[in-house]
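The values are calculated or read from the model by the stated rules, or taken from the named source; none is laboratory data. Predicted model only: the values in this text are computed from it and were never measured. Glycine gets a Cβ as well: all are built from the backbone with ideal geometry, and neighbour counts include every protein chain shown. These accessible areas exclude ligands, DNA and RNA; they are computed on the full protein's heavy atoms, side chains included. Shrake-Rupley method; radii C 1.70, N 1.55, O 1.52, S 1.80 Å.
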Amino acid sequence: MIAKGLFLLAGIAVLFAAWLLADGLRAIWRRRRDSLRQRALETPLELEVVAREEHAGQLLCLHLAAPEGGRLPPFVAGQHVLLQGPAGKDGRTIRRAYSLAAWSPRPLRYELGIKREEHGRLSRWLWDHLRPGAQVSLLPPRGEFTIGLGRHAVVLVGGGIGITPLRAMLHALLEQARPVVLHHCARHEGELLYRAEFEALAASQPRFRYLPTLTRPGPDWQGGRGRLDADRILAACANPRHAEFHLCAANAMMDELRAGLVARGVHGEHVHHEAFGASATATPTGLEIRVGDAVCVTAGEPTLLATLEENRLAPESECRAGTCGLCRMRLVGGEVHRLLTSDLALAPDEILPCICAAAGDLRLEAANR
Ligand SMILES: Cc1cc2nc3c(=O)[nH]c(=O)nc-3n(C[C@H](O)[C@H](O)[C@H](O)COP(=O)(O)OP(=O)(O)OC[C@H]3O[C@@H](n4cnc5c(N)ncnc54)[C@H](O)[C@@H]3O)c2cc1C
Ligand code: FES
């Protein structure tokens with residue numbers, strides 16, 4: 001009897017030890033996988049420009065490929081890469097996010113659509129330097145603004161250059177044979193990037209509708225006119241209660257559409273959005289910004305992060321749109337204008353300099369991490 005009990009106890013102990021061992025091995029494997037993923041995300045890819053097209057004097061379509069050919073790292077439709085170039089003050093390298101504008105399960109090229117911003121540092125540099133044959137450095141695909149697998153209809157709403165991640169999503173959704181409505185809002189016809197492709201797809205794919213809307217249409221324009229609103233989006237959607245909505249446009253437009261859709265019964269969790277950054281406001285010049293013991297002065301930069309970068313006082317940053325949280329700092333004196341709302345949870349004294357502008361002299365400290 002005692003022997004039987006001891007045998008049973010030994011069996012349980014062996015099982016428990018095996019379970020502990022398996023759990024430990026799983027944890028080691030997970031840590032190793034995460035560190036490999038992180039390392040891959042931080043290792044730049046050096047790609048070559050293999051095609052370049054300009055539209056309307058300010059939109060640049062680039063195709064990038066590995067110089068030696070071959071497949072590029074795969075990505076989920078909606079993700080972006082971080083392009084790098086020596087466009088900062090004194091030729092310093094800076095980086096910005098650009099959405100992958102075409103999707104394939106095994107990409108041989110990355111396609112990008114880039115708007116040349118009037119005073120923008122990197123977008124102007126890219127426009128001037130990235131010609132066929134040029135090399136460019138970028139950090140691999142990343143980002144949470146993506147579509148998954150599913151059956152329900154999807155409504156894509158893009159404003160201006162916000163069409164780029166939606167085009168990649170469209171490619172992936174058509175592959176899944178899902179019904180898709182794509183709204184693209186722009187000022188005039190020249191800004192309707194990828195229009196010919198979307199019209200051809202809409203003519204050949206019964207599940208896809210392309211609905212461009214212009215705020216400054218020419219006299220012959222046959223499509224939508226004026227500002228797009230939630231009513232028009234819902235009117236074009238067969239079953240809004242079950243549809244998924246993905247928005248990428250100017251922040252004010254996305255806020256308005258999101259609120260309008262939710263007010264008309266769309267579940268908030270079905271409305272996804274991506275901001276490309278805070279709308280530019282030039283900060284007044286001559287404001288004093290203290291970071292610890294260092295001091296700098298504003299010179300008309302669009303955001304507080306830009307001022308800090310110009311003076312080598314910036315924290316790490318990635319999205320420049322209030323979504324990654326990397327740039328957070330403590331505001332210990334002074335006031336900022338918040339240019340964009342963020343969904344991140346911040347301590348009462350924390351700010352995100354990428355979506356703030358100084359409203360007067362400021363005292364900042366590194367955030368507690
Ligand atoms: C996830 C994500 C995806 C993105 N995808 C794309 C994409 O596919 N295509 C795309 O074109 N962009 C995309 N962006 C935006 C892109 O990352 C850059 O923010 C954009 O190209 C501007 O960068 P820049 O260096 O040219 O401008 P910056 O130098 O950073 O300036 C930012 C803005 O401020 C303005 N500005 C600068 N200085 C002044 C001044 N003194 N007075 C007034 N205004 C000023 C500039 O004109 C510009 O509009 C994306 C952003 C994110 C977060
Ligand atoms: S850089 Fe991502 S939140 Fe500021």
### Query
For the residue pair His242 and Asp34, what label-to-label distance in nm results when each label sits 7 Å from Cα along the Cα-to-beta-carbon direction?
3.8
### Task
Once every Cα of region 6-131 carries one equal point scatterer and solvent is ignored, give the base-10 log of I(q)/I(0) from the Debye formula at q = 0.17, 0.18, 0.19 Å⁻¹, two decimals.
-0.96, -1.04, -1.12
## Note on the structure
Long-range share for region 288-366, i.e. C-alpha pairs more than 16 Å apart as a percent of all pairs, stands at 40
### Query
Counting only residues 5 or more places away or on other chains, whose amide H sits under 5 Å from the amide H of Ala275 once H atoms are built in the peptide plane?
none
### Query
Using 0.36 nm per residue, how much length does the chain from Ala3 to Asp293 gain when fully extended, once their Cα-Cα distance is taken away?
97.1 nm
### Message
Using Cα springs under 10 Å in a Gaussian network model of the chain, which residue among Gln176, Gln84, Gln58 shows the largest mean-square fluctuation?
### Response
Gln176
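Take peptides 239-249, 17-27 and line them up by average Cβ neighbours within 10 Å, highest first, as a rough protection proxy.
On the way: 239-249: 20.0, 17-27: 10.0.
In decreasing order of mean packing, 239-249, 17-27 become 239-249, 17-27.
Roughly how many percent of the accessible protein surface of region 45-142 is carbon and sulfur, given a 1.4 Å probe and a whole-percent answer?
On the way: 2060 of 4400 Å².
About 47 percent, which is the carbon plus sulfur part of the accessible surface.
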### region 9-23 - phi-based ³J(HN,Hα) in whole Hz, Karplus 6.51/-1.76/1.60, Gly and Pro as x
4, 4, x, 5, 4, 5, 4, 5, 5, 5, 5, 4, 5, 4, 5
### Query
Does region 38-197 come out rounded, prolate or oblate, given a ≥ b ≥ c as the square roots of the eigenvalues of its C-alpha gyration tensor, rounded meaning a/c under 1.5 and, failing that, prolate meaning a/b above b/c?
oblate
## Note on the structure
For the Ala345, Ser279 Cβ pair and Förster radius 22 Å, calculated FRET efficiency rounded to 0.05 is 0.40
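Normalised by the number of residues in the chain, what is the relative contact order in percent for Cα pairs under 8 Å and 6+ residues apart?
Details: 729 pairs, mean separation 42.3, N = 369.
Reported relative contact order: 11 percent.
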### Message
Quick check: from the Cα gyration tensor, does the chain come out rounded (a/c under 1.5), prolate or oblate?
### Response
oblate
### Message
At 1.4 Å probe radius, can you tell me the per residue accessible area of the chain in Å²?
### Response
53
